[in-house]
Amino acid sequence: MEKSKKIFLVSIIIALVSLVVCGLGAGTSGDEYFHVNHSQDVFNYYKTLGEDKTAATPTSENNLPYYSQLPDTFIQLIIETFGINNYMTYRHLTCNVIAWIGIIFAALFAKRIRGWNAATITVLILLLSPRFFGHSFNNLKDIPFATATMMSIYYITTFLQQLPKIKISTSLMLVLSIMLATSVRVGGLLMIAYFGLFAIVYYIYQRKTLKPVFLKTLLWALGICILAYFLTVLTWPYALEGPFKNVLDAFQNMNKFEINIRQNFEGIAQWSEDLPWYYSSKYILITTPFIVLLGFVLSLVFLKHNRKQWFLYFVLLFATIFPVFWITINNSNVYGGWRHLLFMYLPFAILSALGISTLFDLLKNKYVKIIVLSAFIILSIHPLAHYIRNHPYQYVYFNQFVGSTQGAYGEYELDYYYHSLREASDWVLENAEKDSDSQEKIIVACWHKPIIDYYFRNDTTKFQTAFVRWNEKGEFDWDYAIFCNTGIYPSYLLNGGFPPQNTVHQIKVDGVPICIVLKRNSKEDLYGTIAKNNNDLELALSHYKKALEQDSLNETALLNSGQIYLYKAQEEDSLYLERADSALVLLNRMLKYNPEHENANYFQAYSLLMKNQTKDALRVLNTLIHKYNPNYPAAYELTANIFFMLGYFDKAETYLLKLVEKGVADEKTLGMILKLYLESGMNEIDAYLKLYSYMENHYREIGEVELADEYKDAIEKLSAY
């Protein structure tokens, strides 16, 4: 066996050991509990021979029937068969192995172009890729899809390059690869499109050789795709219920279930549907190690030195660039960094490895090779040091373009997949205790309750978990709370308010906190909220005052006290301005540390309006709508009311119709629009006709035909009068 092949085999063994050893310490990902539940439904579907159709019935709250998620189902079979309690470990081990298979096929693809040295460099590149490496611990959706995509590309090109001979073994592996990709997500049908495109390109180049076997090849290709589709259907309950109709439905309707979540990007909390077009591209650029980026650039520079392998280069470049290009031009709703694009990273890593391999092959001087090798080793130190310092949070990596992780803190999402909840839960399990002799359970709150439920599942006699959002943490009962900083306002992270003073444990990456544990030292804010909900406002203010004496930045106490003062200002004319001033003092204190807080901005604008500072109120509302949160309905309503009071009916109408466009208009909104039309001089029928015409056009534009027709019928009835 040649030396370079031996080195490759050693590298691939190191890769497996590294993945397994590092993966054992990883936490549960943010999506795993969804997929665990669905895998149970899928298992029950087959166990009951299709009688339990939960896994085959999409609902408005559950789109997972649109996924086959074969790896999850396989693991669930093992869990059910052997009664495994610590099932997340087995899920993660499976993910490690699937990622490792992807690395093998990527390396073998590189070997076909530049030999075993290129294969070894590919393995090293992928091991030095923190985002890919970290997701290999627990992401059983994007990692299997990436591996299946790589396998498909490998066997598509193998099948084509073996022509005019057709090998059954290659054909069967291609069937398996396409089936695996589609059985992870319906987008795996893209592999059939890849097959067609690559075949056309290859046929044009080799038409003289392939023309005699064109029909035979076409029939084999169709057979491969049909068999892959058939096998996919067998593993997918929803598809099994309707092999053609339901698959088409899944393909067409997946986008209807896209969620719109807040993402910290470039230091601004932005909704995922409104993120800039370059979101994914920039994330790839700032989270990929310099050594990988440099290798990719070198692969483009040295294209002419690999022109004999132009077809394989074309395949790699297309598989790398097309997915990014496609989601960019379609303005796709993406979030959580670029994990949705992990399937393009394996081809990208191969190109990077080929660039580095070509450079070394071109260098003839031994000393120059040593210098270049030293430079690459130096470039590898940054991601390698990150691994060593921050295990098991390898995926929380940013390169030097943004000042590493320290520079990314407050500017970009860090632990967006919530890996750190495991370490935080372990700390609470070991250290939490009641301050008194109470026999009640210790309540542990978290924004992502299903994840910590798993960690506390074996100690329910002492602990009880609860769901609490960060902004509402003072309004609910808990003793300890665990929060990743994902979803927390960027300005608050950077302005000195985070972590709060009742933080008892921090989990850090490169010195910045990605997750904290809070201990409840006082429940005055909770008692104040209970009194407020019971409309005992004086008692509520008393409790909130005590809470602020203990923590002057207690958000619940600041915000709710300000809100109460506004209520009282409306009720007590003699204290009108005094109460509004009191509200402003508290709200301004809160906004100093947390200027993006929607509710605080809204109540500040309301306070200013009550003091007849109309322009200032509009300025605050304008900032809230156009900078902090364009999906905050109350801000549009208050802005419209102000313009209505000022007599600017057109501007008031604009803000109210925005609520209709955003799909958050209710009966109150429609009533306000009608009132606006009537006050502007319209008669009642014309006002209704104008509103209904707008609503019909709106619903028709967004494809809600039934609702549009209802308004059309209403217009026809009104027009008859």
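The values are calculated or read from the model by the stated rules, or taken from the named source; none is laboratory data. Computed from a prediction, not measured in an experiment: that's the story for all the values here. Cβ placement follows ideal geometry from the backbone for every residue including glycine, while neighbour counts extend to all protein chains displayed.
Can you report the number of residues in the stretch 520-564 which are in contact with a Lys or Arg (Cβ under 7 Å, 6 or more places away or on another chain) and without any contact (Cβ under 8 Å) to a residue 24 or more places away in the chain?
0
Kindly indicate whether Glu578 is over 23 Å from Asp616 (Cα atoms), modelled with pLDDT under 95 and assigned to a helix (DSSP H, G or I).
Criteria not met by Glu578.
Filter the stretch 187-243 for residues that are hydrophobic (A, V, I, L, M, F, W, C), in contact (Cβ under 8 Å) with a residue 12 or more places away in the chain and farther than 30 Å from Lys53 by Cβ and give the result.
Phe195, Leu197, Phe198, Ala199, Val201, Leu210, Val213, Trp220, Ala221, Ile224, listed by residue number.
May I ask you to verify whether Tyr203 is modelled with pLDDT under 95 and of a type in the set (Phe, Trp, Tyr)?
yes
Any residue at all in the stretch 22-38 that is farther than 16 Å from Leu140 by Cβ, part of a helix (DSSP H, G or I) and touching a Phe, Trp or Tyr at 6+ places or on another chain (Cβ under 9 Å)?
Yes, there is a match, as at least one residue in the stretch 22-38 is farther than 16 Å from Leu140 by Cβ, part of a helix (DSSP H, G or I) and touching a Phe, Trp or Tyr at 6+ places or on another chain (Cβ under 9 Å).
(1) in contact (Cβ under 8 Å) with a residue 40 or more places away in the chain; (2) surrounded by fewer than 17 Cβ atoms within 10 Å (Cβ to Cβ): which one isn't true of Ala110, the others all being true?
It is condition (2) that Ala110 fails.
Checking Ala531 against (1) in the same structural domain as Phe603 (by TED's automatic domain parsing); (2) of a type in the set (Gly, Ala, Ser); (3) at pLDDT 95 or above: exactly one of these is not met. Which one?
(1)
Taking the stated definitions as given, is Ile488 surrounded by 20 or more Cβ atoms within 10 Å (Cβ to Cβ), touching a Phe, Trp or Tyr at 6+ places or on another chain (Cβ under 9 Å) and assigned to a loop (DSSP other than H, G, I, E, B)?
Here the answer is yes, as Ile488 does meet what is asked.
May I ask you to say which residue of Tyr628, Tyr632, Tyr655, Tyr648 is modelled with pLDDT of 90 or more, within 31 Å of the chain's Cα centre (by Cα) and over 25 Å from Gly267 (Cβ atoms)?
From the options Tyr628, Tyr632, Tyr655, Tyr648, the qualifying one is Tyr655.
Tally time: how many residues in the stretch 218-239 are surrounded by 18 or more Cβ atoms within 10 Å (Cβ to Cβ) and more than 19 Å from Ala148 (Cα to Cα)?
Counting residues in the stretch 218-239 that are surrounded by 18 or more Cβ atoms within 10 Å (Cβ to Cβ) and more than 19 Å from Ala148 (Cα to Cα) gives 3.
Hey, any hits in the stretch 519-531 for a residue that's among the polar types (S, T, N, Q), closer than 30 Å to His505 by Cα, within 34 Å of the chain's Cα centre (by Cα) and loosely packed, with under 15 Cβ neighbours inside 10 Å?
Among the residues of the stretch 519-531, at least one is among the polar types (S, T, N, Q), closer than 30 Å to His505 by Cα, within 34 Å of the chain's Cα centre (by Cα) and loosely packed, with under 15 Cβ neighbours inside 10 Å, which makes the answer yes.
Go through the residues of the stretch 259-272 one by one and say whether even a single one is closer than 30 Å to Asn485 by Cβ, in a helix (DSSP H, G or I) and among the polar types (S, T, N, Q).
Among the residues of the stretch 259-272, at least one is closer than 30 Å to Asn485 by Cβ, in a helix (DSSP H, G or I) and among the polar types (S, T, N, Q), which makes the answer yes.
If you take the residues in the stretch 639-657 that are surrounded by 20 or more Cβ atoms within 10 Å (Cβ to Cβ) and not hydrophobic (A, V, I, L, M, F, W, C), which one is nearest to Gln604 (Cα to Cα)?
This residue is Thr639.
What number goes with the only condition from (1) farther than 22 Å from Phe109 by Cβ; (2) in contact with a Gly (Cβ under 6 Å, 6 or more places away or on another chain) that Val186 does not pass?
The number of the failed condition is (2).
All but one of (1) touching a residue at least 40 places away in the same chain (Cβ under 8 Å); (2) out of contact with any Phe, Trp or Tyr (no Cβ under 6 Å at 6 or more places or on another chain); (3) part of a helix (DSSP H, G or I); (4) over 30 Å from Gly188 (Cβ atoms) hold for Leu346; which doesn't?
Status for Leu346: all satisfied but (4).
Can you say whether Val297 is of a type in the set (A, V, I, L, M, F, W, C), assigned to a helix (DSSP H, G or I) and buried (at least 20 other Cβ atoms within 10 Å of the Cβ), as far as the supplied structure shows?
Spelling it out, it is not the case that Val297 is of a type in the set (A, V, I, L, M, F, W, C), assigned to a helix (DSSP H, G or I) and buried (at least 20 other Cβ atoms within 10 Å of the Cβ).
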